[in-house]
Amino acid sequence: MKSSNRLFISLLVGTLSIGSIACSGSSDTPTETTQAAKIALTDDVTANVQRILDGYYAVKDAMVTSDAAQVKAAAEALLEVITEFDTNGLEESVAVRLTSEVDAIRYGTQNVAEAETIDSQREYLPALTENMIGLVTHYQVTSQPVYKQYCPMAFNDKGAYWLSSSDSVINPYFGDMMLRCGEVVESL
């Protein structure tokens, strides 16, 4: 019996150590910076896209609180910003592409707003994040860095990304259970 207890404790300690290492968010990890040329937008359109990015940050930050009502409110506020979005003054081909990307963000945001639980809201964050990544990498929307962050343990170790205005890792997928799980993988 004592040997089985020792084995159990050893396995538990080993598992906790691996989990700790997987989510250490080590500052030794080099981050890559996206150097691709970004499409410049008019000042008005840039301001509108920045509002969408800020709205995304609010949704992501609300997920950290694990409060589904707060996430829903942030998603609904982002939908209002998207509804007011227009591409006046842009070349037609740029406007069409940008509108398509914003529509994808609208769809992802609607999914978050309509989800009933924090877990189901979090399930929509990876797709919403991918669409935001497209927006941030294709267009010059901010002079501030946007940090692409990654948690390898999200969704049963499948992993998932999110964007942040800070290089400090605050994980939206686990809330306070694993608040610092993850790492910055790229500066966009």
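The values are calculated or read from the model by the stated rules, or taken from the named source; none is laboratory data. Here the structure is a predicted model, which is why all the values come from computation and not from measurement. No Cβ is skipped: glycine too gets one built from the backbone with ideal geometry, and neighbour counts run over all protein chains shown.
Overview of results
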| item | result |
| --- | --- |
| Yes/no for ASP86 being over 15 Å from GLU186 (Cβ atoms), at pLDDT below 95 and not hydrophobic (A, V, I, L, M, F, W, C) | yes |
| Cβ pairs under 8 Å, 6+ apart, first in the range 78-102 and within 14 Å of GLY55 (Cβ to Cβ), second in a loop (DSSP other than H, G, I, E, B) | VAL102/PHE85 |
| Strands (runs of 3 or more DSSP E) (entirely within the range 81-188) containing at least 1 residues that are in contact with a Cys (Cβ under 7 Å, 6 or more places away or on another chain) | 147-151, 160-164 |
| Test: THR142 is surrounded by fewer than 16 Cβ atoms within 10 Å (Cβ to Cβ) and touching a residue at least 24 places away in the same chain (Cβ under 8 Å) | yes |
| Unique match (being at pLDDT 95 or above, within 27 Å of ASP157 (Cβ to Cβ), surrounded by 10 or more Cβ atoms within 10 Å (Cβ to Cβ) and within 22 Å of the chain's Cα centre (by Cα)) among VAL64, VAL102 | VAL64 |
| Counted residues, the range 110-122 - those being free of Cβ contacts under 8 Å to residues at least 40 places away in the same chain and either more than 20 Å from ILE52 (Cα to Cα) or buried (at least 19 other Cβ atoms within 10 Å of the Cβ) (or both) | 2 |
